[in-house]
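Contents: one structure, followed by commentary.
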Amino acid sequence: MVEISGGEFYTAHGIELGSPTGSGTGTFSIQGSGATAITVGDTADGRWQQYSNSTFKVGIDAGGVTPVNIQYGTGANGAGGVRFEAGSILDIDFVGSHSE
């Protein structure tokens, strides 16, 4: 699990949540708008791959949520890009004080 609630997050190689065989799951969580930057990937091998039952969790605070900048390239054997497998989970909620 990766949880970001402040500071800055950068990875050049991208994110892979879970496994293609279904033997594992992962969670990438952003809690609020406190992070100054979230950057995933680069133009060579950046990617976002989310397998079934893995979760992209977003907590929205009074300032919204820090945007995720996904920079993707072709990657090895065309593995770059953004992919959400069937059964991927998007979990959106509110954190802190908010008005409904």
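With viscosity set to 1.567 mPa s and temperature to 4 °C, compute the Stokes-Einstein D of the chain, Rh being the Kirkwood radius across alpha carbon pairs; µm²/s, no decimals. D = 92 µm²/s. Remark: region 1-92 carries a charge dipole of roughly 140 debye about the Cα centre, counting +1 on each Lys and Arg Cβ and -1 on each Asp and Glu Cβ. Net charge near Ala12, counting Lys/Arg +1 and Asp/Glu -1 over other residues with Cβ under 13 Å of its Cβ? Summing Lys and Arg as +1 and Asp and Glu as -1 gives -1. Counting only protein heavy atoms and a probe of 1.4 Å, the accessible surface of the chain is 50% carbon and sulfur.
Take every Cα pair under 8 Å whose residues are at least 6 apart in sequence, average their separation, divide by the length of the chain, and the relative contact order is 29 percent.
The values are calculated or read from the model by the stated rules, or taken from the named source; none is laboratory data. Please read all numbers here as calculations on a predicted model, not as lab measurements. Every residue, glycine as well, gets a Cβ built from its backbone with ideal geometry; the counts of neighbours run over all protein chains shown. Ligands, DNA and RNA are stripped out before the accessible areas are found, and what is left, the full protein with its side chains, is counted by its heavy atoms. Shrake-Rupley method; radii C 1.70, N 1.55, O 1.52, S 1.80 Å.
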